[in-house]
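Every number here is computed from the coordinates shown, using simple stated rules; none is lab data. Quick caveat: nothing in here was measured; it's all calculated off a predicted structure. Cβ placement follows ideal geometry from the backbone for every residue including glycine, while neighbour counts extend to all protein chains displayed.
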Amino acid sequence: MPDLPTIDAIYAALQDLRARRPLVHNITNYVAMTVSANVLLALGASATVVHAPEEVEDFAAISDALAVNIGTLSPPWVSAMQAAVGKAKELGKPWVLDPVGCGATPYRTLVSAKLAALSPSVIRGNASEIMSLSGQVGAGGKGVDSSARAEEATDAAAALAERCGSVVALTGATDYVSDGAGLVAIHAGDALMPLSTALGCALSAVTAAFTAVRPPREAAIAALAVFGAAGSVAAQRVRGPGHLPAEICDALYGMDRATLAAAARLTA
Amino acid sequence: MPDLPTIDAIYAALQDLRARRPLVHNITNYVAMTVSANVLLALGASATVVHAPEEVEDFAAISDALAVNIGTLSPPWVSAMQAAVGKAKELGKPWVLDPVGCGATPYRTLVSAKLAALSPSVIRGNASEIMSLSGQVGAGGKGVDSSARAEEATDAAAALAERCGSVVALTGATDYVSDGAGLVAIHAGDALMPLSTALGCALSAVTAAFTAVRPPREAAIAALAVFGAAGSVAAQRVRGPGHLPAEICDALYGMDRATLAAAARLTA
Amino acid sequence: MPDLPTIDAIYAALQDLRARRPLVHNITNYVAMTVSANVLLALGASATVVHAPEEVEDFAAISDALAVNIGTLSPPWVSAMQAAVGKAKELGKPWVLDPVGCGATPYRTLVSAKLAALSPSVIRGNASEIMSLSGQVGAGGKGVDSSARAEEATDAAAALAERCGSVVALTGATDYVSDGAGLVAIHAGDALMPLSTALGCALSAVTAAFTAVRPPREAAIAALAVFGAAGSVAAQRVRGPGHLPAEICDALYGMDRATLAAAARLTA
């Protein structure tokens, strides 16, 4: 695995994203739609949220990246995800999979595995999801929340990355990015973040936005650093989780190099 | 009906909830999903929002309580609700029904009646909904808002409680809990709350969380007192309804015994 | 086209709306539902969000206006929109069409054209949407965002208004209202607003609320002025887009004549 990206390299990715304003096509869950779109707009990307089989392939064609999230999945939506992914792959466009709650139910695990087999550019999940998806069934999650620490899932992340030809972004108190060959740890974020719903889903959308301007590994690292830094900044401005999504949007909107350097740190 | 719960008893229920962090399975309306999940997380519960027939029974099995809300109902979702309720009942798990807009259309009234016949642990509704559901058809609501005062619906609440074997939580300027035999009034909340959408739906989710740690009557009273107190606190921090959901989350997150005692009062 | 409405006339429309509290039936996209309902409530209207074929006609009957928004459309939802519009027209109730992303995909353009052919009271869209819908296919949008300036679309707006027998509300940095015969420009709002998702959709809902108390042209002008003024006020209270929806609700809730006069200006 290459050297650690510098904060300058990550900030350059953010500047490129803001300059290009990539269109991210989201097929995501109902809970996460609004916050995902708001986070993308605040970051400097453009966002669409569409799922009809009649047009998902057309949207894949005009989008710069695709974010697929199975949070409130049902068979027609899964079909739409598969169609959109097929078109994105055909056109060489990057896509991100968020296997929400993989391991919580057999249906969810099956759908996650089917989508992962389509070789996402990046798979973003918590420890329970990544361990389950990596074949370590039985890891178990508590609904859509993780019951394991990220550190317990780094081997599973590496195995999953290798098996799918994907980069795996494993999130928790510390976040990790694995491309199968090496591991980077991203230290950012705040313990308050899991108390606001769908922030992990929004992070997956942010990751998709970065894949439009960087290769998957650099994109995943940049997304975790920038979003985590925004979370750190936001958490200092609130006294509870209520205003966290809005403050994260403001922090993304105002993110500069100095803030990023102060609020995110990478280690091998 | 037993004596009134004390504030200490209600606060103990909140502490138990925070300690146990029950997983609440929500099959709810699109408008309410995000705020319901956020309110549950801020309260100290865990939340899932899933509706696929392929997995609702599995989620009922791993959840501690189920919240069913018909706000944006359609036939496939109603089937999922029935399946989830069936499984929850089979497993002896508590569930809460929020018959949004019951009485506004024949379809909504029919579905509400069908679900109520499954004997929810708690039914939470406004005066129009409770009067309609209790068979006093013609009470009429204005869409999903109530056109009657809660005080006009206490008899209907008692009749409904008795007929369904449920506890009925009737909300309005003053809230009431009836188990058929007796009535408790909960004085809390703020007149600004109806101007922020889906707070009643979120309250139903909070009620479900409390049913995981207390019997239905105590759970309903605790939910109304804690959520109402949070609303009172939140309303004092805003100049309009815009920030109310976020402030309610913060108030739930920070709720302590003194705040609860100051902001909620119970009478027989 | 008649003279420009005065600020007094617009404020009188707002006062009438608050006094009557019209019920607006929304068949809208998932992303916009919560913010649309909150904006309507803060404005002084009542809101329902329902889409089931089993009851959309019943809701059209008890509502004062209908807002149709195709943002996350799919065939069953389009059928529900058509049924609700049919009933609203039969009962002589006003309705507003928001053709989100018209021009972005053939399906979206086709559905927009079908609904526009039903002669909405008001069509509210950005430049790309209005140009596409007006038959100037090829205008192209970037997903659901406009890639054209409103000024480039005023002729298309006039042609569309005439063809559909509708009033067209064309939004951008400056907003325009055309009834085919004349054009009014509304100067209000803030450049931050496009960075918060679904505010245009919420504006369409606000427009529907005003159609319950004023004819379409006056309603569209009042909606743009009041909502734009709220956006201007809100933008001055934030440092990014995160809190904009909540601040807009507060600004709508507190809107008075002096604020409206200071923050919105009309020109022919």
### Task
Return the subset of B:K114/C:K89; A:K114/B:K87; A:K93/A:K114; A:K93/C:K114 for which the Cα-Cα distance in this structure is over 24 Å, preserving the input order.
B:K114/C:K89; A:K114/B:K87; A:K93/C:K114
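Eigenvalues of the Cα gyration tensor times 5, then square-rooted: what semi-axes does that give for region C:64-174, in whole angstrom, largest first?
Numbers: eigenvalues 95, 49, 23 Å².
Equivalent-ellipsoid dimensions as semi-axes: 22, 16, 11 Å.
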### Task
Could you pull out every residue, at least 5 positions away or on a different chain, whose amide H is within less than 5 Å of the one on C:H51? Hs are placed 1.01 Å off N in the peptide plane, and Pro or chain starts have none.
none
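With loop defined by DSSP as not H, G, I, E or B, and exposure as at most 15 other Cβ atoms within 10 Å, which is the longest segment of chain B clear of exposed trypsin sites (Lys or Arg not before Pro)?
That gives B:1-148 as the longest site-free run.
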### For chain A, projected area of the alpha-carbon convex hull averaged over all directions, nm²
11.8
## Note on the structure
Interchain or sequence-distant (5+) residues whose placed amide H lies within less than 5 Å of the amide H of B:G172 are none
### Task
Rank the residues A:C102, A:C201 as a footprinting-exposure proxy: fewest other Cβ atoms within 10 Å of their Cβ go first.
A:C201, A:C102
### Message
If you consider only alpha-carbon coordinates, what radius of gyration and Dmax does the protein assembly as shown have, in Å?
### Response
25.1, 72
### Summary
Ranked from fewest to most other Cβ atoms within 10 Å of their own Cβ, C:V35, B:V96 fall in the order C:V35, B:V96
### Task
Evaluate the relative contact order of chain A (contact order divided by residue number), counting alpha-carbon pairs under 8 angstrom at least 6 apart; express in whole percent.
21
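If we count other beta carbons within 10 Å of each Cβ, what is the order of C:E57, A:E55, fewest first?
Going from sparsest to densest Cβ surroundings: C:E57, A:E55.
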### Message
Taking a ≥ b ≥ c as the square roots of the Cα gyration tensor eigenvalues, with a/c under 1.5 meaning rounded and otherwise prolate when a/b beats b/c, else oblate, which class fits region B:9-64?
### Response
oblate
### Query
Can you pull the Kirkwood radius for region A:152-192, inverse mean 1/r over Cα pairs, to one decimal in Å?
10.3
### Query
If r is the Cβ-Cβ distance from A:L91 to C:S147 and R0 is 22 Å, what FRET efficiency results, to the nearest 0.05?
0.60
### Message
Could you tell me the relative contact order of region B:51-117? Use alpha-carbon pairs under 8 Å, at least six residues apart, and round to a whole percent.
### Response
36
